[in-house]
């Protein structure tokens with residue numbers, strides 16, 4: 001009893017001392033605990049003013065959690081509740097309380113430029129969140145940002161780094177995510193209808209408090225110079241987000257590259273998202289693309305499980321070379337992130353419906369995992385170091401990737417144009433090993449086609465900013481190719497597609513030669529057509545590849 005009385009005294013004392021005001025570090029929120037009702041108001045300058053009555057504050061601290069309704073959320077599906085939702089999280093963050101949605105509530109979120117910052121465990125429960133994108137003040141403003149109280153800081157004295165370097169010398173506050181950039185070097189100089197001038201050389205890796213690099217996600221580039229290097233401390237406790245049904249009412253904007261980010265963004269390490277559902281409604285004849293309803297970036301150790309997401313309708317625009325292109329639009333976007341896993345996840349619409357773009361895209365990632373997932377696509381634009389797909393089914397866009405390390409595909413069904421497509425717009429490059437085990441390949445989802453396992457193209461005439469590699473070693477074991485629906489001139493599947501139809505003899509000169517695969521190991525590869533697998537339509541290009549059949 002005495003302990004409870006002392007706790008109550010300190011809670012009340014804390015409330016009394018905070019009567020004036022405190023300012024939340026995120027979202028421009030002013031918190032007070034004055035007499036009167038608990039309420040959320042918008043001040044004249046647009047900031048939120050959250051006042052919590054002392055009696056309510058005492059109750060919240062005793063319960064250890066708050067509800068959105070405690071801060072005025074109606075949950076009637078009509079009243080815009082974003083201010084109440086943002087205010088709830090601001091108070092919870094300040095006092096270390098978890099947040100609970102009211103089960104069965106329907107929270108309407110209109111187009112206000114307001115973001116709710118999540119720093120404590122949150123249970124969305126059976127509530128529905130209606131995100132209306134028809135009229136939005138700021139299309140780049142996330143609805144929720146899961147972030148950390150820990151602040152990034154610049155590192156001094158590190159002027160260069162080496163590939164696979166095991167340790168950095170730095171004064172660190174604890175285990176940290178290191179982000180490094182060299183603006184003097186350009187990588188990923190894109191080729192094709194969306195060509196561009198590339199991006200600055202960059203990398204992201206994890207170190208412990210002594211600067212020791214986690215070699216499960218090593219440094220992948222030599223940095224002769226460094227123009228910026230920062231450390232983001234890693235939260236050690238796992239933050240858990242559970243439940244919730246989110247419905248995006250799609251934007252009706254002009255079909256241009258103007259990405260909407262009305263989403264849940266994860267910017268904190270060690271986060272689990274469990275049991276979330278996202279649906280999209282109201283897509284019309286035109287619309288701007290989406291940059292991922294789940295946007296995971298600048299963090300490590302994120303798990304998304306038991307979650308249902310939705311592919312977006314594909315719209316066309318004019319690309320950078322003045323020709324029509326289909327715009328990539330995503331429900332999952334992962335960037336500058338390590339150890340990100342999707343487990344037991346699926347999408348709400350047909351993974352083979354080509355009117356919807358592939359559900360996932362990624363850039364600058366390491367150690368991505370799909371396990372027991374049913375999605376239309378796995379994709380790595382600007383490189384992934386190490387990726388695993390197992391116990392999964394991928395639809396019409398299949399596997400599209402470039403990167404390095406080991407790419408393992410196991411016990412899965414692939415229905416793309418190739419078993420693995422190495423993206424030609426970034427040089428069809430994979431510096432490492434490709435392993436395919438216990439899989440079924442259905443070329444083009446069973447549509448009439450010729451089957452090739454490794455797709456891509458490489459002319460040797462474009463500078464991507466790096467040497468392009470094909471997988472040094474490819475192991476394919478226990479693969480069945482369902483090529484029953486094929487073209488009349490089909491001669492059987494090939495290991496490699498025709499990467500360069502012009503390179504048929506020694507006279508072809510490459511300005512930027514790539515490094516060809518050295519070894520392919522085939523064990524128990526069968527076809528529905530009964531036709532034998534061969535090397536490639538371009539035997540000259542792959543003449544030096546050693547194929548071992550076991």
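Readers should treat all values here as calculations from the given coordinates under stated rules, not as data from a laboratory. This is a predicted model, so every value here is computed, not measured. In this analysis, Cβ positions are derived from the backbone assuming ideal geometry, glycine residues included, and neighbour counts consider all displayed protein chains.
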Taking 7 Å along the Cα-to-C-beta vector as the label spot, tell me the residue 489-residue 255 distance in nanometres, rounded to one decimal. 3.2 nm
Does the range 11-101 come out rounded, prolate or oblate by the C-alpha gyration tensor, with a ≥ b ≥ c the root eigenvalues, rounded set by a/c under 1.5 and, if not, prolate when a/b is larger than b/c and oblate if not? oblate
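So if we plug the beta-carbon distance of residue 158 and residue 523 into 1/(1 + (r/R0)^6) with R0 = 30 Å, what FRET efficiency do we get, rounded to 0.05? List each step's numbers first, then the result.
On the way: r = 46 Å, r/R0 = 1.52.
Plugging the Cβ-Cβ distance into 1/(1 + (r/R0)^6) gives 0.10.
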Which peptide among 31-44, 266-279, 144-157 comes first, and what is the full order, when sorted by highest mean count of other Cβ atoms within 10 Å? 266-279, 144-157, 31-44
Computed lengthening from residue 53 to residue 391, 0.36 nm per intervening residue step minus Cα-Cα distance: 116.5 nm
According to the square roots a ≥ b ≥ c of the eigenvalues of the Cα gyration tensor, what is the shape class of the chain, taking rounded for a/c under 1.5, prolate for a/b larger than b/c otherwise, and oblate for the remainder? prolate
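Over 16 Å apart: what share of the alpha carbon pairs of the range 153-233 falls there, rounded to a whole percent?
Values: 1653 of 3240 pairs.
Result for the distance tail: 51 percent.
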Quick one: P(r) of the range 418-550 from all Cα-Cα pairs, 10 Å bins, percents rounded to integers, in order of increasing distance. 12, 44, 33, 10, 0
Report for the chain the percent antiparallel among DSSP-assigned beta bridges with both residues inside it, nearest 5. 20 percent
Post the alpha-carbon centroid distance, the range 368-392 to the range 448-473, in whole angstrom. 19 Å
With Cα coordinates, the longest principal axis of the chain makes an angle with the long axis of helix 2-17, in degrees rounded to 10, of 90 degrees
Grab the beta carbon distance between residue 184 and residue 208, set R0 = 25 Å, and tell me the FRET efficiency rounded to 0.05. 0.30
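Determine the percent antiparallel among the DSSP beta bridges restricted to the range 11-101, to the nearest 5.
Numbers: 7 of 14 bridges.
Taking every DSSP beta bridge with both residues in the range 11-101, the antiparallel ones total about 50 percent.
Given only helices, namely DSSP H runs of n ≥ 4 each adding -39500 (n - 2.57), what is the per-residue ellipticity at 222 nm of the chain, to the nearest 500 deg cm²/dmol? Please report the intermediate quantities before stating the final value.
Numbers: 3 runs with 40 residues, N = 550.
The per-residue figure over the chain is -2500 deg cm²/dmol.
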Please compute the modelled spin-label separation between residue 227 and residue 504, points set 7 Å along Cα→Cβ, answer in nm with one decimal. 4.4 nm
Rounded to whole Å, give me the distance from the Cα center of the range 256-320 to that of the range 103-179. 14 Å
Helix 54-63 versus the longest principal axis of the chain: what is the Cα-based angle in degrees, 0 to 90, to the nearest 10? 50 degrees
As I understand it, the value is the acute angle between the Cα axis of helix 82-95 and the longest principal axis of the Cα atoms of the chain; what does it come to in degrees, rounded to 10? 80 degrees
